Amino acid sequence: MNSLYEAVIGLEVHAQLLTETKIFCGCSTNFGNPPNTNVCLVCLGHPGALPVLNQKVVEFAVKMGLATDCTINRNSIFARKNYFYPDLPKGYQISQFEKPICEFGKLVVVKNDGSMKEIQIKRIHMEEDAGKSIHDQEETTLIDINRCGTPLLEIVSEPDMNSAEEAYLYLSKLRQIITYLGICDGNMEEGSFRCDANVSVRLKGESQLGTKAEIKNMNSFRNVEKAIEFEIKRQIEILEDGGKIIQQTLLWNAEQNIALPMRSKEEAHDYRYFPDPDLMPVEVDEIWKSEIEKKIPELPDTRCKRFIEQFNLPNYDAGILTSSKELADYFEKVTEVTTDYKSASNWIMTEVLKVLSEGKIGISQFIISPVNLGNLIVLINNKTISIKIAKEVFLEMLKSNQEPDTIIKDKNLLQISDTTEIETIIDKVITANPKDVQEFLSGKEKVIGFFVGQVMKESKGKANPQIVNELLKKKLSQQK
Ligand SMILES: [Zn+2]
C-alpha cells in the first residue's frame, strides 16, 4: 500500500442463529426443505398477521453481547426498515435501529507480528432475514420464502481496522466466539455467516473519514481479505489520479478477483425506519441477564490461557487446539487417557489435522475416538510400540477405529525389546555387510546409522531402537 495513505475498515456481519423456529413465527428454520414449505401467514407477509418474538433469539443476542464485552440494553426496540424487494413480501424488514439490544463491545486480535489490536463493536442487533430470489432459471426469477423470518444477529464494528489482515483476524475471532457459544454454525460458504465491508482511505494523519464503499458477496475468509485489498488499492489509485470516491455498493466477483458496482448506496434515512407497532419493546432485566450469563461456556481466550497453564503447552499449540470448541473438547478427552499432554497436542496438530484437511472434514467427523488416540500414546510411552509402528497403527485406526491394542495383536506389531532376539538380527546384519563393518572400525562412526536401518528393516520396524543402538555399538566394536 502507498505509505501516504491509510485504510479505514468497518465490518458488518450477519450471523444466522441456530434456533429451531423463525424469529416471529413457529415455522421451521430447517435448511434445504422444498421451496415455500416452511411458511405461514406471518412470514408470507399477509396484512394484519401478527409477529410473536422468539425468546431464544433474545437469549442468543445477549450471549453474543456478553461474550464481546457489550452493554446489554435493558430495553430495546424493533423497527421496520422499509424497502421493496421481491423476496421481502411484507415490504419491510423487522430489524432494530435506534435502540439495539447490545452496544459498546470490543474484542482483541493478535496480529501476525505479535502485536495486539482492540476493535470496538458498535452494536449488535436482532433482525429477520429476507427470502431468496433464484435468478439462474431460464429467463425467470423464482422466489423461495423459506428463509424469510430466519433470525439474524447483525454485528457492526466501529471503523477500527486499518488493513485486510486486521479485518480477517476480527472476523475469525467473531466466528470463533459465535461458534463456541453454539448460536451460529459460522459457515461462510453456505451463507449462515456473512460479511460486508465498509472501506475508505485517507491521507495519514487526517482525522476525517474518506468516502466509503461497501463490498458485499464475499463468501469466504480468503475472499474478504482479497476484496478489501483490492478496494484499498482501487481507491488509492483514484485519489492519486485526482479523482473522487463515490459512495456505492460493490459486489465481489471471486472468479475475476474484482469488485463491481451494484448500486449507489442508500443512507439510513432512505429506509424510513420507525418502531414496529406490532411488537412490544424487549426487556432484559438483571435476573434474566444473569441466567443467560450462567449458560455461557468457557470462551476461546480463557480456554487458550488455561491450556497453556494446565497442560503446560506452548502458546502456539494452545492457540491451534482452542481454535474450535470441538477440537479443544477432543484434546481434553485425550488428556483423560494420557498425561503426556505435549504428545497429545503433537498428534492432533500433525496427524489428526492433516487427515481433517485432506478429507475436508471437521473433528466431529473424525473416525478415531479421543480414547483410542490417548491409548495409542500410552502404548508408545510404555514402549509397547515404537513411534514408527504407532503411525502404522494410526493409519489402521483410520480405517476401522479399532482399539490400538487389538490392531497390535492382530497384526503382530509388538515392539521387540528382547535382547537375544535383537542380537540374532544384529549378528545377521553384521555378517551380511563386512565392508561396512570395516568402515566402522576404521573410525567412520556414521555407518552406525546404516546398521540401525538394516536392523529395523529386518525386524519390520518392531525392534526397540534404543536397544538396537546400544547393542550395535557394543557388537561392532567387538568385531576388531
Ligand atoms: Zn412463518
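If I stretch the segment between N162 and N346 completely, what's the gain in nm (0.36 nm per residue apart, minus their alpha carbon distance), one decimal?
Here the answer is 62.7 nm.
Ranked by Cβ crowding within 10 angstrom, fewest neighbours first, how are E332, E291 ordered?
On the way: E332 17, E291 12.
Ascending Cβ contact count within 10 Å gives the list E291, E332.
Indicate the helices, whole DSSP H runs only, in the chain that combine a mean Kyte-Doolittle hydropathy of -0.5 or more with a Cα extent along their long axis of 24 angstrom or more.
164-181, 221-240
Looking at the chain, send over the antiparallel percent of its DSSP beta bridges, to the nearest 5.
Around 90 percent of the beta bridges assigned by DSSP in the chain are antiparallel ones.
7 Å from Cα along Cα→Cβ at both N412 and T141: what's the point-to-point distance in nm?
That separation, rounded to one decimal, is 7.1 nm.
Normalised by the residues of the chain, what does the relative contact order come to in percent, with Cα pairs under 8 Å and at least six apart?
Relative contact order, the chain: 13 percent.
So, in Å, what gap is there between the alpha-carbon centers of segment 14-54 and segment 373-450?
Here the answer is 61 Å between Cα centres.
Which of rounded, prolate, oblate describes segment 179-332, given a ≥ b ≥ c as roots of the alpha-carbon gyration tensor eigenvalues and a/c under 1.5 marking rounded, otherwise prolate only if a/b is larger than b/c?
Note, shape of segment 179-332 comes out oblate.
Are there chymotrypsin sites (Phe, Trp or Tyr not before Pro) in segment 407-480 that DSSP puts in a loop and that have at most 14 other Cβ atoms within 10 Å, and which ones?
Here no chymotrypsin sites (Phe, Trp or Tyr not before Pro) fit, given the DSSP loop and packing criteria.
Restricting to DSSP H runs of at least four residues, report the calculated mean residue ellipticity at 222 nm for the chain, -39500 (n - 2.57) per run over all residues, nearest 500 deg cm²/dmol.
-11500 deg cm²/dmol
Once fully extended, how much extra length lies between E291 and V371, figured as 0.36 nm per residue of separation less the alpha-carbon to alpha-carbon distance?
25.4 nm is the gain from fully extending E291 to V371.
Straight distance only, please: which lysines reach the Cα of K132 with their own Cα at less than 27 Å, same-chain residues fewer than 8 apart left out?
Excluding near neighbours in sequence, the set is K22, K56, K81, K90, K216, K226, K265.
Assuming R0 = 45 Å, what is the FRET efficiency of D113 and M262, from their Cβ-Cβ distance, to the nearest 0.05?
Once the sixth-power term is evaluated, E becomes 0.80.
Got a sec? Charge dipole of the chain, +1 on Cβ for Lys and Arg, -1 for Asp and Glu; which of N30, P370, I183 is way out at the positive end?
My answer, from the dipole projection, is P370.
Return the lysines within reach of K446: Cα separation strictly under 21 angstrom, same-chain partners fewer than 8 residues apart disregarded; answer none if there are no such residues.
Of all the lysines, those that pass the test against K446 - Cα under 21 Å, at least 8 places apart if same chain - are K428, K435, K457, K473, K474, K475, K480.
Could you pull out every one of the aspartates and glutamates with an alpha carbon less than 17 Å from that of K354, ignoring same-chain neighbours closer than 8 positions?
Straight-line reach from K354, under 17 Å: D317, E326, E392, E396.
Based on the Cβ-Cβ distance of N36 and N469, what FRET efficiency does E = 1/(1 + (r/R0)^6) give at R0 = 60 Å, to the nearest 0.05? Present the calculation step by step, with values, prior to reporting the outcome.
On the way: r = 72 Å, r/R0 = 1.20.
The formula returns an efficiency of 0.25 here.
Filter the GluC sites (Glu not before Pro) in segment 57-109 to those in DSSP coil with at most 16 other Cβ atoms within 10 Å of their Cβ, and list the result.
E98
In segment 186-234, which GluC sites (Glu not before Pro) fall in coil by DSSP and have 16 or fewer other Cβ atoms within 10 Å? Provide the component values of the computation, followed by the final result.
Values: sites: E189, E190, E206, E214, E225, E229, E231; in loops: E189, E190, E206.
When the GluC sites (Glu not before Pro) of segment 186-234 are filtered for loop state and at most 16 Cβ neighbours within 10 Å, E189, E190, E206 remain.
With Cβ to Cβ distances under 15 Å as the rule, what net charge do the other residues near T140 carry (K, R +1; D, E -1)?
-4
Between M280 and N315, what is the FRET efficiency for a Förster distance of 51 Å, r being their Cβ-Cβ separation, to the nearest 0.05?
Details: r = 48 Å, r/R0 = 0.93.
Step by step, r from the Cβ atoms, then E = 0.60.
None of the figures in this text is laboratory data; all of them are computed from the coordinates on show. Computed from a predicted structure; not experimentally measured. Positions of Cβ are backbone-derived with ideal geometry, glycine not excepted, and every protein chain shown enters the neighbour counts.
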